[in-house]
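The structure under discussion appears below in the form of structure tokens.
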């Protein structure tokens, strides 16, 4: 799943550490999300969206795998 988390976070002038603290996760979790190495739980996705006042779909881009 792709996401726009890094772009949105930087646009708001927020450091990875600040976002991690606000969401009660590690900075490494934020870095892994931004690099696409980790997909968030639905709860974390909602927390991120609520933090930025956006919908989940505005941050996370789900692309179905072609078979």
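The mean sequence separation of alpha-carbon pairs under 8 Å and at least six residues apart, normalised by the residue count of the chain, gives a relative contact order of 43 percent. In this rough spin-label picture, where each label sits 7 Å from Cα along the Cβ direction, the residue 22-residue 58 distance is 1.3 nm.
Comparing 41, 26, 55 in a Gaussian network model of the chain (Cα springs below 10 Å), the most mobile by mean-square fluctuation is 41. Just check the chain against the gyration tensor rule for me: Cα atoms, a ≥ b ≥ c as the square roots of the eigenvalues, rounded for a/c under 1.5, and otherwise prolate or oblate depending on whether a/b exceeds b/c. The shape class here is prolate.
Entry note, the chain: the mean residue ellipticity at 222 nm calculated from DSSP H runs of n ≥ 4, each adding -39500 (n - 2.57), is -15000 deg cm²/dmol after division by the residues and rounding to the nearest 500. For the chain, the longest principal axis of the alpha carbon atoms and the long axis of helix 42-52 meet at an angle near 50°. The distance from the alpha carbon centre of the range 52-67 to that of the range 1-41 is 15 Å, rounded to a whole number. Exposure proxy for 59, 30: other Cβ atoms within 10 Å of each Cβ, ordered fewest to most, give 59, 30.
Coordinate-derived values only; no laboratory data. The shown structure was predicted, so the numbers you read here are calculated from the model rather than taken from an experiment. Glycine gets a Cβ as well: all are built from the backbone with ideal geometry, and neighbour counts include every protein chain shown.
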